[in-house]
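Since the structure comes first, as structure tokens, the remarks are kept for the end.
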Amino acid sequence: MVEAGGKAVKGGLRFGAVERLKDDWWMSPPPGDPQAVWDTWDRDTYYVWGANSGNYRGIAIGQLLGGGGMAGTSHGPSVGRAHPHYIGVITMSTADLPKNDAVFQELARYLARGKHVVIPTYHGEWSLGTGIGKGVSGWGDIQKYLVSQVYALGQAAGSVTIPAGTYWPDWRPGMNGAKHSIATLADLAAIIALL
């Protein structure tokens with residue numbers, strides 16, 4: 001986006017639920033850019049979701065993501081289908097985390113061009129690797145990486161919007177999902193230090 005005077009306006013980073021698209025959205029015309037998507041989502045917004053190394057990138061629009069949770073056909077926001085505004089980041093393996101670097105760089109470029117990025121929450125809970133992914137080996141290291149990347153996006157954004165009640169659940173051994181409030185970017189920094 002460009003404001004009067006030609007100065008670029010950075011996009012906003014937002015935390016919140018990703019609205020579910022209607023069933024069969026990928027069948028809506030026109031081919032390659034189904035209008036049904038824009039009845040629910042915003043063209044200037046990119047929605048992040050927790051993926052694995054097999055479905056985080058490279059799947060054609062409307063094709064099955066082949067996963068559960070945020071990639072699932074039952075409850076996933078995209079009805080389990082790929083869309084270029086639905087951006088997967090790997091949350092399931094420490095070995096695959098470096099593959100996310102390019103994804104987060106792409107998200108930062110969107111912000112720089114005035115587009116917006118949504119970090120998913122479910123009833124206020126941080127939703128990257130805290131559902132299906134909460135039991136994977138190296139969970140704390142994965143979360144440290146993800147929270148650090150989101151923190152960097154927040155620093156690069158023109159604004160950060162975090163609804164009241166947003167929190168990160170601590171699923172490290174013995175922590176039983178203890179809730180850590182996220183009200184500001186400083187709270188993300190505190191979570192990073194904890195990990």
### Message
I'd like to know if segment 54-70 contains one or more residues that are modelled with pLDDT of 95 or more, more than 13 Å from the chain's Cα centre (by Cα) and hydroxyl-bearing (S, T, Y).
### Response
no
### Message
Please go through segment 117-166 and give me each residue that is part of a strand (DSSP E or B) and in contact with a Leu (Cβ under 9 Å, 6 or more places away or on another chain), ordered by number.
### Response
V117, V118, I119, P120, W126, S159, V160, T161
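Give the number of residues within segment 87-116 that are assigned to a helix (DSSP H, G or I) and of a type in the set (A, V, I, L, M). Please lay out each step first, then the result.
Within segment 87-116, the first condition is being assigned to a helix (DSSP H, G or I), and the residues that meet it are 97-112.
Those still in the list that are of a type in the set (A, V, I, L, M) too: 97, 102-103, 107-108, 111-112.
Final tally of qualifying residues: 7.
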### Task
Could you tell me whether segment 17-34 includes any residue that is under 13 Å from the mean Cα position of the chain (by Cα), more than 17 Å from K115 (Cα to Cα) and modelled with pLDDT of 95 or more?
yes
## Note on the structure
Reported set for segment 132-148 where residues are surrounded by fewer than 21 Cβ atoms within 10 Å (Cβ to Cβ) and either in contact with an Asp or Glu (Cβ under 9 Å, 6 or more places away or on another chain) or within 13 Å of L188 (Cβ to Cβ) (or both) is G140, K144, S148
### Task
Consider only pairs whose beta carbons are under 7 Å apart and that are at least six residues apart or on different chains; among these, list those whose first residue lies in segment 157-177 and is under 16 Å from G16 (Cβ atoms) and whose second residue is part of a loop (DSSP other than H, G, I, E, B) and among the basic types (K, R).
A157/K10
### Task
Just name the residue that is nearest to Y86 (Cα to Cα) out of those in segment 40-57 that are surrounded by 16 or more Cβ atoms within 10 Å (Cβ to Cβ) and of a type in the set (S, T, N, Q).
T45
## Note on the structure
Going through segment 159-182 in order, the residues found to be under 17 Å from Q149 (Cα atoms) and among the aliphatic types (A, V, I, L, M) are V160, I162, I182
### Query
Which pairs have Cβ atoms under 6 Å, sit 6 or more apart or on different chains, and link a residue in segment 80-95 that is more than 18 Å from G135 (Cβ to Cβ) to one that is in a loop (DSSP other than H, G, I, E, B) and of a type in the set (S, T, Y)?
G80/T73; Y86/S78; G88/Y56
### Summary
Residue pairs qualifying under the 8 Å Cβ cut-off, at least six apart or on distinct chains, with the first in segment 133-147 being on the phi > 0 side of the Ramachandran plot and the second being surrounded by 15 or more Cβ atoms within 10 Å (Cβ to Cβ), are G138/S93; G138/T94
### Message
I'm told T121 meets every condition in (1) crowded, with 16+ Cβ neighbours inside 10 Å; (2) more than 13 Å from the chain's Cα centre (by Cα); (3) on the phi < 0 side of the Ramachandran plot; (4) in contact (Cβ under 8 Å) with a residue 12 or more places away in the chain except one. Can you identify the failing condition by its number?
### Response
(2)
### Message
If I ask for residues that are within 18 Å of V160 (Cβ to Cβ), out of contact with any strand residue (DSSP E or B) (no Cβ under 6 Å at 6 or more places or on another chain) and not hydrophobic (A, V, I, L, M, F, W, C), which ones from segment 86-114 would you list?
### Response
R109, R113, G114
#### Entry: Condition met for S74 (surrounded by fewer than 15 Cβ atoms within 10 Å (Cβ to Cβ), of a type outside the set (D, E) and under 26 Å from G177 (Cβ atoms))
yes
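The values are calculated or read from the model by the stated rules, or taken from the named source; none is laboratory data. Just so it is clear, the model here is predicted, and its values are computed rather than measured. Using ideal geometry, Cβ is built from the backbone for each residue, glycine included, and neighbour counts are taken over all protein chains shown.
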